[in-house]
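A.B. asks: Pasting a structure below so you can have a look.
The values are calculated or read from the model by the stated rules, or taken from the named source; none is laboratory data. All values reported here derive from a predicted model rather than from experimental measurement. Please note: Cβ atoms are built from the backbone with ideal geometry, for glycine as well, and neighbour counts cover all protein chains shown. These accessible areas exclude ligands, DNA and RNA; they are computed on the full protein's heavy atoms, side chains included. Shrake-Rupley method; radii C 1.70, N 1.55, O 1.52, S 1.80 Å.
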Amino acid sequence: KDMYGIPHKNIIVYMSSFDGGYTFIKEDDEVIKYDPSEDKIILFDGDCDHSIAPTVGNNRRIVLVGCFD
């Protein structure tokens, strides 16, 4: 469940490769760092804290983000 009490999953699909722009997902007490690359998919529970780092240079971060149950 997230802060609204609605259980769901999150999906991130990287549509392009870029330098930097890592995705961080905290699961239990561990923070996992995902390196972005084109066509990579990340799936995680909606109650996990997550964040991103900025890209390096003029790289454009293009991702598809979705939530579902």
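A.B. asks: Whenever you get a sec, line up 55, 23 from highest to lowest accessible area (probe 1.4 Å, protein heavy atoms).
C.D. replies: 55, 23
A.B. asks: In percent, how large is the relative contact order of the chain, given Cα pairs closer than 8 Å and 6 or more residues apart?
C.D. replies: Across the chain, relative contact order equals 47 percent.
A.B. asks: Let me ask you something else. Of all the accessible heavy-atom surface of the chain, with the other protein chains kept in place and a 1.4 Å probe, what percent is carbon and sulfur?
C.D. replies: 51
A.B. asks: Quick check on packing: order 60-68, 9-17, 46-54 by the mean number of other C-beta atoms within 10 Å, highest mean leading.
C.D. replies: Ranked by mean Cβ neighbours within 10 Å, highest first: 9-17, 46-54, 60-68.
A.B. asks: Mind listing which GluC sites (Glu not before Pro) in the stretch 1-57 are in a DSSP loop and have 16 or fewer other Cβ atoms within 10 Å?
C.D. replies: Here the GluC sites (Glu not before Pro) that fit, given the DSSP loop and packing criteria, are 38.
A.B. asks: Next up: How large is the dipole of the chain about the Cα centre if only Lys and Arg carry +1 and Asp and Glu carry -1, each at its Cβ, rounded to the nearest 20 debye?
C.D. replies: 340
A.B. asks: Moving on. Can you give the extra length, in nm with one decimal, that the chain gains between residue 64 and residue 4 once fully stretched, where that is 0.36 nm per residue apart less the Cα-Cα distance?
C.D. replies: 19.3 nm
A.B. asks: Relative to a virtual label point 7 Å from the Cα of residue 15 in the Cα→beta-carbon direction, which members of the stretch 27-69 show backbone nitrogen distances below 14 Å?
C.D. replies: Hits in the stretch 27-69 for residue 15 at 14 Å: 38-40, 60-66.
A.B. asks: Return one whole number: the accessible area per residue of the chain in Å², for a 1.4 Å probe.
C.D. replies: 72
A.B. asks: Need the list of aspartates and glutamates near residue 9 for cross-linking: C-alpha distance under 16 angstrom, and skip anything on the same chain fewer than eight residues off.
C.D. replies: Straight-distance partners of residue 9: 27, 28, 45, 47, 49, 69.
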